[in-house]
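This report concerns only the one structure given below.
The values are calculated or read from the model by the stated rules, or taken from the named source; none is laboratory data. Please read all numbers here as calculations on a predicted model, not as lab measurements. Neighbour counts run over all protein chains shown; Cβ positions are idealised from the backbone, glycine included. Remember, those area values only see protein heavy atoms, side chains included, never the ligands or the DNA or RNA. Shrake-Rupley method; radii C 1.70, N 1.55, O 1.52, S 1.80 Å.
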Protein chains: 2
Amino acid sequence: MLKLDDITRPTLILDVDTAKANISRMADKADEQGIYFRPHFKTHQSAQIGEWFRNEGVSGITVSSLEMARYFAAAGWRDITIAFPVNMRQIPEIDAFPKEVRLNLVLESVEPLSRMHAETHISADIWIKVDAGSLRTGLNWQDVDRVQQLLLALHSAPALTYRGLLTHAGHSYACAGPDEIRRTYTDSVERMIWLEKQLTKRGFPKGEISVGDTPGCTLSESLGDVDEIRPGNFIFFDAHQYHLGVCGFERIAVAVACPVVALHPERSEAVLYGGAIHLSKDFELVDGEHHYGLVCKPENGRWGQPLEGAYMRMLSQEHGVAHLQSEDLESLKVGDLLYVIPAHSCLTVQCLGEYLTLDGQRITTLETRKRY
Amino acid sequence: MLKLDDITRPTLILDVDTAKANISRMADKADEQGIYFRPHFKTHQSAQIGEWFRNEGVSGITVSSLEMARYFAAAGWRDITIAFPVNMRQIPEIDAFPKEVRLNLVLESVEPLSRMHAETHISADIWIKVDAGSLRTGLNWQDVDRVQQLLLALHSAPALTYRGLLTHAGHSYACAGPDEIRRTYTDSVERMIWLEKQLTKRGFPKGEISVGDTPGCTLSESLGDVDEIRPGNFIFFDAHQYHLGVCGFERIAVAVACPVVALHPERSEAVLYGGAIHLSKDFELVDGEHHYGLVCKPENGRWGQPLEGAYMRMLSQEHGVAHLQSEDLESLKVGDLLYVIPAHSCLTVQCLGEYLTLDGQRITTLETRKRY
């Protein structure tokens, strides 16, 4: 057990109660609307935290890599969606996956499908990845012909069972605020429903619809006529979600405790031990400036409210420069701790690879490594 | 041994000959000018790669954390500068450091010095951190009084031996090109010399001067009247250094091999398995857009020239979106490999945590973790 006061290096602090309440809230919402809740585990990446979802009745999960799928399979999960286009070069690894796990694979081109069918014994559920506006990956939602082509190819691969259409409306992260996020969610769901209808019109059996970005699933009261949601970030939230209006500050469940190593009153800045390798270099753009997180002081055994006007101005490999109002800086001493609310919690978890809970328990993840 | 053709996931590829030539060149330059070469090992973070420096006569090194210092101490290094302000909370760890290693510590405030002197048996060399223009950390080079105050405090701590003034002109990374980089280097050296002179005028014994950013040390023909240089990135370089005009493309020694998982000719983009957790989210700003790396095709068992007009447009956790000219996209197939030259190689090494050499050897680092 480690007391927060005894922290010596940048440490990812987890407020377990807040995280569990975030899980409950999303699980209840899906449950009330009769929608399957398949949370994305790429945010927390921890077998131990996964159990908190199991206690909420979750049995199917989403991950972003084959390695993460193996890690959670070893932790007892038996129904796993790998929400990343099947990578041709990993087809032998998919073939070798423990057979007791039902894999859900995501496709957007014919080549991996043909190879899986011709060269392996893979039996899996298949989702077609659809781009409902994010311009990242997936077949364009209006391109019914290409979706149809993939569905026809699936017909000749009986071990691969078509489940439905899957999208991630990641462009919600670029919205201006709650109203635009809700519209983006509704639009993407409507686009998915439209595409599904075109397919049934063409004689294909009805498929499911899977959606799920944290902003949309959190803010939209009705999740719409979908079968499954797959949000991930909602367990912790972060500065970006807070500024988007997705969550109140009190729902943020992680912060990075950083020792103060230098004070620069002449420019109202504190230098923290806490840089790009701890927080990630992910940022929010605020009036054209890059902000790398919010800054809080310790209060009642956790982090307090965000300091007004304070933000992380610059990150190099190990250094973080916090810009503070002068009265906040004046009360700081070298050796104090500050808490940074990361711009993007998923990447911060990936960087730090383990948690310390408010009551001093260490929680490991897929990324935990040996310490020297 | 793994052939490059057999790569299945984002893999950090290292061209050993190019890296060794980069080391030689910098070692020779320092040697010819009679300047001590204390390379920063935070770029490569590998005990095995450290040996290549030893073969060039290097005996003292720079690191950015106590953990990294312990890792390299275990690999036999006996003279280590931790180029990060002494963190009050890690003073007991410094006290417990293996005594056969001579530590060089960096200070910019009195508090850690007082505590080390009062509460520990730490015997170390001390450098005063000076800000010669980077606005990150260190005492302002014009603030002779504060430097003097620290020097006076050092007098009363005989186990802590004053060595000199140390700076990192990190603002060279924001320069427009080679001429401005050379001016920045010269300016920062002149500022350090000026400060040193003020101190001797005030009766303090002469101290050394340690400088060292990769752009300045690479481009400035004369390293100036300094005692020591500490560049790090020069071993690998990266897209940012290339665009700054610091290195030719042929001197870049690392690239990330990424499988192509989807093609989007309608927007001339390829989706790669290779995202923020592999490349880091570090970026270059090009006409107001964020670029996350250059893109190359395989050629003669390594990466070829950067594809004209191609860049990484977007990174999410595991996905990378490469924008390519349409003729380059047309010749690609799903399942091919592309190479990404990272925006910032230090952070990419940190993310991937191990290398694969062009002839298929695996090289580990401080960050290497268990694979599931």
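Using the alpha-carbon atoms, what tilt in degrees (0 to 90, nearest 10) does helix B:110-119 show relative to the longest principal axis of chain B? Its long axis makes an angle of about 70 degrees. The mean sequence separation of alpha-carbon pairs under 8 Å and at least six residues apart, normalised by the residue count of region B:251-372, gives a relative contact order of 30 percent. Computed from the Cβ-Cβ distance with R0 of 56 Å, the FRET efficiency linking B:Trp194 to B:Ala21 stands at 0.95. Here the dipole of region B:6-48 is about 240 debye; that uses its Cα centre as origin and unit charges on the Cβ of Lys and Arg (positive) and Asp and Glu (negative). The tail of the calculated P(r) for region A:246-314 beyond 15 Å holds 59 percent of all Cα-Cα pairs. Tell me the angle of helix A:178-201 to the major Cα principal axis of chain A, expressed in degrees between 0 and 90 and rounded to the nearest ten. Orientation of helix A:178-201: about 10 degrees from the principal axis. Probing with 1.4 Å while keeping every protein chain in the model, the per residue accessible area of the protein assembly as shown equals 36 Å².
The lysines whose alpha-carbon is closer than 24 Å to the alpha-carbon of A:Lys3, local same-chain residues fewer than 8 away aside, are A:Lys20, A:Lys297, A:Lys333, A:Lys370. When exposed loop sites are taken as trypsin sites (Lys or Arg not before Pro) in a DSSP loop with at most 11 other Cβ atoms within 10 Å, the longest stretch of chain A clear of them is A:207-332. The calculated pair-distance distribution of region B:111-199 uses every alpha carbon pair, bins of 10 angstrom beginning at 0, and gives 17, 42, 27, 12, 3 percent. Dimensions of the protein assembly as shown from C-alpha coordinates, computed as largest minus smallest value along each principal axis and given longest first, are 92, 60, 43 Å. Distances between copies at A:Lys3, taken between label points 7 Å from Cα along the C-beta direction, are 6.0 nm in increasing order. What the Kirkwood sum gives for region A:88-150 is a hydrodynamic radius of 12.8 Å, with every pair of different alpha carbons counted.
Rounded to the nearest 10 degrees, what's the angle between the helix A:16-32 long axis and the longest principal axis of chain A, both from Cα atoms, 0 to 90? Here the helix axis deviates by roughly 30 degrees.
How long are the three semi-axes of the equivalent ellipsoid for region B:90-239, computed from the Cα gyration tensor as the root of 5 times each eigenvalue, in whole Å, largest first? All intermediate terms of the calculation are to be shown ahead of the outcome.
Details: eigenvalues 162, 69, 31 Å².
Output for region B:90-239: semi-axes of 28, 19, 12 Å.
Note on A:Gln142 and A:Glu330: their simple-model spin labels are 5.9 nm apart, each label 7 Å out from Cα toward Cβ.
Taking the empirical scaling 2.2 N^0.38 Å for compact globular proteins as reference, chain B has a Cα radius of gyration ratio of 1.05. For chain B, a Gaussian network of Cα nodes joined below 10 Å ranks B:Asp187, B:Asp145, B:Asp227 by mean-square fluctuation, and the top entry is B:Asp145. Once A binds B, the 1.4 Å probe can no longer reach about 5700 Å² of accessible area, counting both sides. I'd like to know which of B:Gly335, B:Met314, B:Leu352 lies farthest towards the positive end of the charge dipole of region B:313-372, counting +1 on Cβ of Lys and Arg and -1 on Cβ of Asp and Glu. My answer, from the dipole projection, is B:Leu352. With the label put 7 angstrom out from Cα along the Cα-to-Cβ vector, B:Glu67 ends up 1.6 nm from the copy partners, going from closest to farthest. Placing a label point 7 Å from the Cα of A:Gly177 along the Cα-to-Cβ direction, the distances to the matching points in the other copies come to 4.4 nm, shortest first.
Projecting the Cα positions of A:His243, B:Ala47, B:Ser280 onto the charge dipole of the protein assembly as shown (unit charges on Cβ atoms of Lys, Arg, Asp and Glu, taken about the Cα centre) puts B:Ala47 furthest along the positive direction.
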